[in-house]
Amino acid sequence: MTTPTAGAPTGPATRITPGLAGAPEDVDLVVIGLGITGAGVALDAVTRGLSVLAVDAHDLAFGTSRWSSKMVHGGLRYLAQGQVGVARESAVERGILMEVTAPHLTRPMPMLVPLNSSVSRVQERLTHAGLLAGDGLRRSAGTDEETLPRPRRLTATEALAMAPPLRSAGLRGGLLSWDGRVEDDARLVANVARTAASYGAHVRTRARVLAATGTAVELRDELTGEARSVTARVVVNATGVWAGDVVEEVALRPSRGTHLVLRQDTLPGLSVSVFAPIPGSTSRFVLVLPQPDGTVYVGLTDEAADGPVPDVPQPTDPEIGFLLDVVSAAFERQLRREDVVGAFAGLRPLLATSGPDDAPDPADPPDAGDPEGRGETADLSRRHAVLLSRTGVVTVVGGKLTTYRQMAEDAVDAAVRAAGLDVGPCRTRTLPLLGAAPRPVLAALEQPARLVRRFGTDAELVLASAREVTGLGDEELLAPIAATVPVTLAELVFGVTHEGAADVDDLLDRRTRVGLVPTDRPLAVPAAERALALARGQEGSAHRGR
């Protein structure tokens with residue numbers, strides 16, 4: 001077994017590699033899947049002292065991990081079901097993520113529930129009581145009030161000052177509370193994976209698993225077609241909605257959650273997230289979430305996704321219409337289809353079993369065609385499970401972005417037991433990711449604000465490595481690559497040199513999220529192609545990386 005580095009590693013030796021060239025053929029642990037859970041397993045395992053190979057057939061954050069609401073939930077949803085332990089786990093993991101693991105990638109998110117004519121006094125009291133209970137979870141989890149302030153009531157004037165686009169007629173005030181949000185879910189995955197690599201994990205994209213047992217995997221390099229076998233003491237399946245393809249006895253019933261993307265000027269002046277009440281419901285909302293890149297996400301739905309699992313799920317027209325209708329009821333402006341500049345959908349990997357504790361989640365949004373959320377997938381638990389297959393593969397499935405660290409810890413615990421490995425304890429509860437630092441330290445950094453927001457203290461590394469690789473000056477490296485695209489050439493180059501981006505899609509759809517707005521994507525393609533050429537020393541070549 002390898003011995004982990006004593007502290008948080010630094011420097012440029014933190015690279016992710018596409019393909020299998022130079023990958024080990026015998027390790028302690030192989031993890032399949034490089035979404036947030038798989039990346040978390042790689043980091044947990046390598047920092048316990050295990051040698052690790054982490055692989056994905058596509059890319060980092062290729063699946064569900066890039067299709068979330070970009071929120072860090074605190075567990076209020078589970079309190080309503082009486083699942084106090086599960087609720088507290090969410091609150092604890094939110095605090096770890098925001099205060100220890102990734103303060104550079106997370107922010108406090110103010111959330112406003114408008115109290116308009118569609119919200120009865122009974123609904124108001126229930127919602128307020130729920131928010132106070134959520135604050136109790138925060139306190140019990142030990143999360144500082146400076147990180148997440150206490151909830152409070154707002155007058156109508158205060159609510160409109162925070163959210164000017166709200167419908168003023170019938171507005172009697174609002175309820176303000178706080179939760180967490182992440183800068184970008186795919187960026188978090190890349191950061192966790194790069195941190196795992198910095199401790200010695202071999203992180204390989206474009207490496208498809210053809211077959212797996214508890215002690216071996218058959219792999220194919222998707223870049224070269226080369227096939228090879230890797231032996232291991234234990235194998236962990238963290239492929240999310242594709243878990244049943246790796247271990248056939250894992251039965252899932254995925255559900256689809258859809259979001260819309262709007263331009264910020266569609267709802268001008270919005271400085272807080274708005275939880276728009278769904279008419280007729282006492283506890284369900286559609287979320288309106290301003291993003292740091294000049295867009296607004298609106299979501300989300302919960303619909304059964306039957307049939308084969310697609311690489312990229314697609315929203316449906318009924319879901320889009322449902323979201324627009326609910327949001328329009330809370331705002332002055334009637335939103336129309338032409339206001340939607342993008343839409344995305346993700347599949348939740350829900351286990352196809354339910355029991356008495358698997359009641360509908362009162363804070364999960366409903367099916368587009370079922371406003372009360374009584375659809376079958378809403379009845380499946382969002383908790384994670386760790387399963388052991390007949391051949392000894394450990395599968396971790398379910399859960400959510402916020403609790404990825406605990407999911408990874410549970411999976412590695414199970415893997416260690418199954419293989420009888422002698423390892424150190426889990427370290428990730430107190431282990432900052434690369435670039436992490438206390439918020440006052442981050443605020444004092446004299447680096448470009450966008451890079452600090454997306455890379456923390458590694459902002460200097462991003463810019464310095466781009467200078468070294470390209471020979472370009474800061475003005476060219478830091479300029480927005482298009483009028484509506486704030487992404488910089490420096491971060492695109494870093495995506496290739498340090499984060500394993502192999503082509504334009506990797507850069508625009510996962511290292512950055514330009515692809516969420518289809519009309520922006522063509523504007524960014526030339527810069528992505530140039531970054532690939534510069535990083536490979538091929539400036540001016542015919543390489544296009546598509």
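Quick note: the coordinates plus some simple rules give every number you see, no bench work behind them. Just so it is clear, the model here is predicted, and its values are computed rather than measured. A quick note on method: Cβ atoms are made from the backbone with ideal geometry, for glycine too, and the neighbour counts reach across all protein chains shown.
Numerical summary
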item	result
Sum of side-chain charges, ARG390 neighbourhood, beta-carbon under 13 Å (Lys, Arg +1; Asp, Glu -1)	-2
Table column - 3J(HN,Hα) (Hz), the stretch 70-75, Karplus curve with 6.51, -1.76, 1.60, x for Gly and Pro	6, 10, 10, 6, x, x
ASP221, ASP59, ASP28 arranged by Cβ crowding within 10 Å, fewest neighbours leading	ASP221, ASP28, ASP59
Karplus (6.51, -1.76, 1.60) ³J(HN,Hα), θ = phi - 60°, over the stretch 154-163, in Hz, Gly and Pro reported as x	10, 6, 4, 5, 5, 4, 6, 5, 7, 9
Residues with amide H under 5 Å from that of PHE331, placed H, sequence gap 5 or more	ARG167
Cα-based convex hull volume of the stretch 439-535 per residue, rounded to whole Å³	92 Å³
R0 of 51 Å, Cβ-Cβ distance THR155-VAL312: FRET efficiency to nearest 0.05	0.70
Contour minus Cα-Cα distance for ARG536 and ALA133 (0.36 nm per residue)	139.8 nm
Estimated FRET transfer efficiency (THR231, THR430; beta-carbon r; R0 51 Å; 0.05)	0.95
Net charge of Cβ neighbours under 13 Å - reference ALA141; Lys, Arg +1; Asp, Glu -1	-2
Stretch gain in nm, segment GLU145-ALA216, where the contour uses 0.36 nm per residue and the Cα spacing is subtracted	20.8 nm
Order of ARG48, ARG150, ARG107 - criterion: other Cβ atoms within 10 Å of each residue's Cβ, fewest first	ARG150, ARG107, ARG48
Span from the the stretch 140-163 Cα centroid across to the the stretch 392-412 one, whole angstrom	32 Å
Point-charge dipole on Cβ atoms (K/R +1, D/E -1) for the chain, about Cα centre, debye to 20	980 debye
Burial ordering of MET71, MET98, fewest other beta-carbon atoms within 10 Å first	MET71, MET98
Test item: Cα-centred dipole of the stretch 426-469, Lys/Arg +1 and Asp/Glu -1 on Cβ, debye	280 debye
Angle between the chain longest axis and helix 84-96 axis [Cα atoms, degrees, rounded to 10]	70 degrees
VAL72 long-range amide H proximity, modeled H, under 5 Å	GLY180, ARG181, VAL182
Top positive-direction residue, dipole computed over the chain with Cβ charges, set ALA232, MET98, LEU132	LEU132
On Cα atoms only, tilt of 36-47 relative to the major axis of the chain in degrees	50 degrees
Degrees separating the helix 185-198 axis from the principal Cα axis of the chain, which is the longest one	30 degrees
Correct choice for volume of the Cα convex hull per residue in Å³ that was computed from the model, options (i) 140; (ii) 159; (iii) 170	(i)
Selection from VAL517, ALA535, THR488, by position along the positive dipole direction of the stretch 439-535 (Cβ)	VAL517
In the stretch 385-428, trypsin sites (Lys or Arg not before Pro) in a DSSP loop with at most 15 other beta-carbon atoms within 10 Å	ARG390
Neighbour net charge for PRO308 - beta-carbon separation under 14 angstrom, K R +1, D E -1	-1
